[in-house]
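*Asks:* First the structure, then my questions, so here it is.
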Amino acid sequence: MIPVWATELSFEVRPGQKFDARAWKYWKPVLLLLNEVAKKEKLKINWVRVHSHFGHKGDVPHAMGWWDHEIKAMFLCHFDKETMLHEVGHALSSGYHGDPWAKQAARLYLKYLKGKEQKEAMVQLARYLSGRRVYKSLYAEKAPKAPEIQSLWRDLNPT
Ligand SMILES: [Zn+2]
Ligand SMILES: [Zn+2]
C-alpha cells in the first residue's frame, strides 16, 4: 500500500482516506525533499499526511497545507515543494504568517528551490504583508502581483 521509498523516510507518511495510489508519483519528489530538509534543518517531524483529489472540480475545501506544532505533524494537499517549504517555515517559527515565518520561508525557498520555482515561490510569499517586506529587502523592488493559485488537483486525471 505504501511504497518502499516512503517507508524509508525519517517521518511516517500517512496517506489520507481514499488515497489514490496513482498519486504517489506526485508526492515522491516533495517527500524526498522534505526528508532532506528535516535532516538539514534538524526538524523533528512525527508524521506527514498526504492527500489525493484527482479530477476535483473547482478548489478543494481545505488549506493546501498546514503544520501542527503540538503533534509535530504536517498535512499536505498541494503536492508542490513551495507548499511543503511554507509549512516547514511554520514548523521553524511561531506567530502564524508574521515576520519570523516569512524570514524562514524565504530562507528555505532560497536554499532548496532554484530558478523559476524559486522566483514563483518568492512572489507567492509576497502575498503576505510580512513576505512583501522580505521580498523588498532581498530584491530592492516591490513584488509583482502574485497569480491566483488553483488547486493542483483541479481537473487532474490519474495516468
Ligand atoms: Zn486535500
Ligand atoms: Zn501558512
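The values are calculated or read from the model by the stated rules, or taken from the named source; none is laboratory data. Please read these numbers as outputs of a predicted model, since none were measured by experiment. Neighbour counts are summed over all protein chains in view; Cβ atoms, including those assigned to glycine, are modelled from backbone coordinates with ideal geometry. With ligands, DNA and RNA removed, areas are computed over all heavy atoms of the protein, side chains included. Shrake-Rupley method; radii C 1.70, N 1.55, O 1.52, S 1.80 Å.
*Asks:* Test Leu108 against the stated conditions and say whether it is more than 16 Å from ligand 1 (Cβ to nearest atom), open to solvent by 20 Å² or more (accessible area, probe 1.4 Å) and part of a helix (DSSP H, G or I).
*Replies:* no
*Asks:* Do any residues in the stretch 59-72 that are in a loop (DSSP other than H, G, I, E, B) have Cβ atoms under 9 Å from those of residues that are among the small types (Gly, Ala, Ser) and within 13 Å of ligand 2 (Cβ to nearest atom), where the two are at least six apart or on different chains, and which pairs are they?
*Replies:* Matching pairs, first to second residue: His69/Ala91; His69/Ser94; Lys72/Ala91.
*Asks:* Restricting attention to the stretch 69-97, and to residues there that are of a type in the set (Asp, Glu) and within 15 Å of ligand 1 (Cβ to nearest atom), which single residue is least open to solvent (accessible area, probe 1.4 Å)? Steps first, please.
*Replies:* Our first condition is that a residue be of a type in the set (Asp, Glu); within the stretch 69-97, this holds for 70, 80, 82, 87.
Subset that is within 15 Å of ligand 1 (Cβ to nearest atom): 80, 87.
Values: Asp80: 36, Glu87: 8 Å².
So the residue we want is Glu87.
*Asks:* Being open to solvent by 60 Å² or more (accessible area, probe 1.4 Å) and over 21 Å from Pro158 (Cα atoms) is the filter here; which residues of the stretch 33-61 pass it?
*Replies:* Here is the first cut: in the stretch 33-61, the ones open to solvent by 60 Å² or more (accessible area, probe 1.4 Å) are 36, 39-40, 42, 44, 46, 49, 57, 59, 61.
Matches in the stretch 33-61: Glu36, Lys39, Lys40, Lys42, Lys44, Asn46.
*Asks:* Pro144 passes all but one of (1) open to solvent by 60 Å² or more (accessible area, probe 1.4 Å); (2) within 13 Å of ligand 2 (Cβ to nearest atom); which number fails?
*Replies:* Failing condition for Pro144: (2).
*Asks:* Further, regarding this structure: Does Leu129 count as hydrophobic (A, V, I, L, M, F, W, C) and open to solvent by 70 Å² or more (accessible area, probe 1.4 Å)? Outline the logic, then answer.
*Replies:* Numbers: hydrophobic (A, V, I, L, M, F, W, C): yes; open to solvent by 70 Å² or more (accessible area, probe 1.4 Å): yes.
The answer is yes for Leu129.
*Asks:* Can you give me the number of residues within the stretch 12-40 that are without any contact (Cβ under 8 Å) to a residue 40 or more places away in the chain and in a loop (DSSP other than H, G, I, E, B)?
*Replies:* 4
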